[in-house]
Amino acid sequence: MGARDRMELDNVAFIGRTYEEYMDMFDLGENERAFLDGPVLDCPAGPSSFAAEACAKGFNKVKACDMIYGLPADELEATGNRDLALISGKLTETAHLFRWDYYGDFSRHMQYRAAALYRFIADYRAEAGGGRYVHARLPRLPFSDGSFALVLSSHLLFLYGDRLTPGFHAESLREMARVSSGEVRVYPLLGLDARPYPHMDEVLGLLRRDGIIAEIRPTPFEFFKGATRMLALRTGGLKGEVRRDLSHLF
Ligand SMILES: C[S@@+](CC[C@H](N)C(=O)[O-])C[C@H]1O[C@@H](n2cnc3c(N)ncnc32)[C@H](O)[C@@H]1O
């Protein structure tokens, strides 16, 4: 596989999307806005401005978590700016892997990325100690069972499936399902090569053993070519006492 056939990233990028993109990625149309009354968890949220913008719109029960939270805002801002430059170069090399109609063109896409970072940092700084941004390292989450009506997860699982094992995916998804009383939605279901995640059946099989019902649904959003589907999980009230240990798998 050549350098242009996949986006080569040494580390998980600290790149974020906006509220508008989240609403489209997760197909949160008018009839599903009630979900936003929450509580909602964005996991991992990185420098996404979804939580900041949702809260500014009055949906103030939206929380965000990430393993990098807890660092000073200036440090996150510097990391975000470094990764914006990195992604800008990588996108130029691999532009053919993407559909550009949603954004219009490359520079408009980068404006979205910069807007997300700018809005996130402003809110992260203002929120210091306020509890909206929570340090968490998957596959564990520091929340009690059923804390969130909706858990949203984008651009970590499946996308970085070249370095995160199927066991890590199953354990992380199971943990998201545990803290959800309603639904978990995950997008995209492709890797950095824009090909479908190859171990989906294995991961969904592990979840099924714990009574987690998975459904693949269409979404109107597409940036990576072919990324037109999301994963939705329903738990039917999965509780922490379901403790199958999958740690040997990753
Ligand atoms: C691409 S960003 C997420 C962006 C956001 N969901 C969005 O779509 O705008 C990926 C994030 O995953 C975080 N991350 C990577 N591994 C993690 C782990 N094991 N636990 C929690 N966060 C993790 C990184 O710190 C990074 O901020």
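Numerical summary
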{"item": "Among Leu173, Leu150, Leu138, residue whose mean-square fluctuation peaks in a GNM of the chain (springs only between Cα atoms under 10 Å)", "result": "Leu138"}
{"item": "For the chain, Kirkwood radius (reciprocal of mean inverse C-alpha pair distance, Å)", "result": "18.3"}
{"item": "Charge dipole magnitude, Cβ of K and R +1, D and E -1 - the range 71-191, Cα centre, debye nearest 20", "result": "100"}
{"item": "Stokes-Einstein translational diffusion, the range 120-216 - Kirkwood Rh over all Cα pairs, 1.306 mPa s, 10 °C, in µm²/s", "result": "110"}
{"item": "Packing rank of 96-103, 207-214, where each peptide gets the mean count of other beta carbons within 10 Å, highest leading", "result": "207-214, 96-103"}
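Here, each number is a calculation from the coordinates, and none is a lab measurement. All of these numbers come straight from a predicted model, not from anything done at the bench. Ideal geometry is used to build each Cβ from the backbone, glycine not excepted, and the neighbour counts take in all protein chains shown.
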